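Enquirer: Sharing a structure below in structure tokens format, with a few things to ask.
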Amino acid sequence: MLIVLVGGRRKGPAEELKWEAISSEEIATLASTATLFGGARTFVLVGVFASERGEEFLELAEGLVESPHIFIFEEEKLLKKPTEILQKAGAKIEVTKTEKKEYRFDQFGLTAALANYDKKKLWLGLVKALREGEKPETLAGLLAWKARQIKDANLSREITFMYHDSHRGFGDLALLLERFALKL
């Protein structure tokens, strides 16, 4: 069985093959060789058809369709010619639309709060960003950048020390950032 996933990712266990290091003869051998106990194996190859060796793998399509094993090709996009060749061979092509994640973190509001020395807005922005999954290291870097931009050496130094202290084990960076915002 030959499956081509366009724009998506597989789920479940599979053996990923590095197509750069494997020849078409080895793929054909894998496709035609049965397992010891008769089960089907699943092989995954990523980005093959867009590569310089894409034609080589397209020639193997019919053999892969007839194989007792499952071959999954993951592709960002698939052009018309390879799609037609794969459809003629009998491959199953699944196209999934990737949804763009809405970016909810307002980095400009956070930096503006620091520039205006508004501890309430800064703290609320930090808490919201942390709840939405932003990493404390990212937030500390953003605040340190803004402190340097507004030429406040004390703030910049304090944020930098806070970052390094958290990595030395002297506290959780998220909590240190909140404490920093509240005493601004």
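The values are calculated or read from the model by the stated rules, or taken from the named source; none is laboratory data. Just so it is clear, the model here is predicted, and its values are computed rather than measured. We place every Cβ from the backbone using ideal geometry, glycine too, and count neighbours over all the protein chains shown.
Enquirer: Can you work out which of the residues in segment 73-85 that are closer than 20 Å to Lys18 by Cβ and out of contact with any helix residue (DSSP H, G or I) (no Cβ under 9 Å at 6 or more places or on another chain) is surrounded by the most Cβ atoms within 10 Å (Cβ to Cβ)?
Expert: That would be Glu74.
Enquirer: Separate question: Among the residues of segment 160-184 satisfying the criterion of being among the aliphatic types (A, V, I, L, M) and not in a loop (DSSP other than H, G, I, E, B), which is farthest from Thr138 (Cα to Cα)?
Expert: Step one: of segment 160-184, the residues among the aliphatic types (A, V, I, L, M) are 162, 173-177, 181-182, 184.
Add one more test, that the residue is not in a loop (DSSP other than H, G, I, E, B), and what stays is 162, 173-177, 181-182.
Working: Met162: 13, Leu173: 11, Ala174: 11, Leu175: 14, Leu176: 14, Leu177: 11, Ala181: 15, Leu182: 19 Å.
Going through the qualifying residues, I end up with Leu182.
Enquirer: Here's a follow-up. Is it true that Lys88 is outside any loop (DSSP other than H, G, I, E, B), loosely packed, with under 12 Cβ neighbours inside 10 Å and either modelled with pLDDT of 85 or more or within 19 Å of the chain's Cα centre (by Cα) (or both)? Show your work before the answer.
Expert: Details: outside any loop (DSSP other than H, G, I, E, B): yes; loosely packed, with under 12 Cβ neighbours inside 10 Å: yes; either modelled with pLDDT of 85 or more or within 19 Å of the chain's Cα centre (by Cα) (or both): yes.
Here the answer is yes, as Lys88 does meet what is asked.
Enquirer: Taking segment 31-53 as the region of interest, how many residues are part of a helix (DSSP H, G or I) and either buried (at least 17 other Cβ atoms within 10 Å of the Cβ) or in contact with a Cys (Cβ under 8 Å, 6 or more places away or on another chain) (or both)?
Expert: Kept after step one, since they are part of a helix (DSSP H, G or I), are these residues of segment 31-53: 31-32.
Checking which are either buried (at least 17 other Cβ atoms within 10 Å of the Cβ) or in contact with a Cys (Cβ under 8 Å, 6 or more places away or on another chain) (or both) leaves us with 31.
Result for segment 31-53: 1.
Conditions (1) within 12 Å of Phe180 (Cα to Cα); (2) crowded, with 18+ Cβ neighbours inside 10 Å; (3) touching a residue at least 12 places away in the same chain (Cβ under 8 Å), marked per residue:
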position	(1), (2), (3)
Arg104	no, no, yes
Gln107	no, no, yes
Ala115	no, no, yes
Lys120	yes, no, no
Glu134	no, yes, yes
Thr138	no, no, no
Leu143	yes, yes, yes
Ala153	no, no, no
Ile159	yes, yes, yes
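Enquirer: A further question on this structure: Of a type in the set (D, E, K, R) and assigned to a helix (DSSP H, G or I) - does that describe any residue in segment 106-120? Reasoning before the result, please.
Expert: As a first pass, look at segment 106-120 and keep what is of a type in the set (D, E, K, R): 106, 118-120.
Then drop every residue that is not assigned to a helix (DSSP H, G or I), which leaves 119-120.
Within segment 106-120 (the criterion being of a type in the set (D, E, K, R) and assigned to a helix (DSSP H, G or I)), the answer is yes, since at least one residue qualifies.
Enquirer: Given the criterion in contact (Cβ under 8 Å) with a residue 12 or more places away in the chain, assigned by TED's automatic domain parsing to the domain that holds Trp123 and either touching a Lys or Arg at 6+ places or on another chain (Cβ under 9 Å) or farther than 14 Å from Ala113 by Cα (or both), identify the matching residue among Leu177, Leu173. Even if it seems obvious, please write down each step before you answer.
Expert: On the way: Leu177 fails: either touching a Lys or Arg at 6+ places or on another chain (Cβ under 9 Å) or farther than 14 Å from Ala113 by Cα (or both).
Among Leu177, Leu173, only Leu173 is in contact (Cβ under 8 Å) with a residue 12 or more places away in the chain, assigned by TED's automatic domain parsing to the domain that holds Trp123 and either touching a Lys or Arg at 6+ places or on another chain (Cβ under 9 Å) or farther than 14 Å from Ala113 by Cα (or both).
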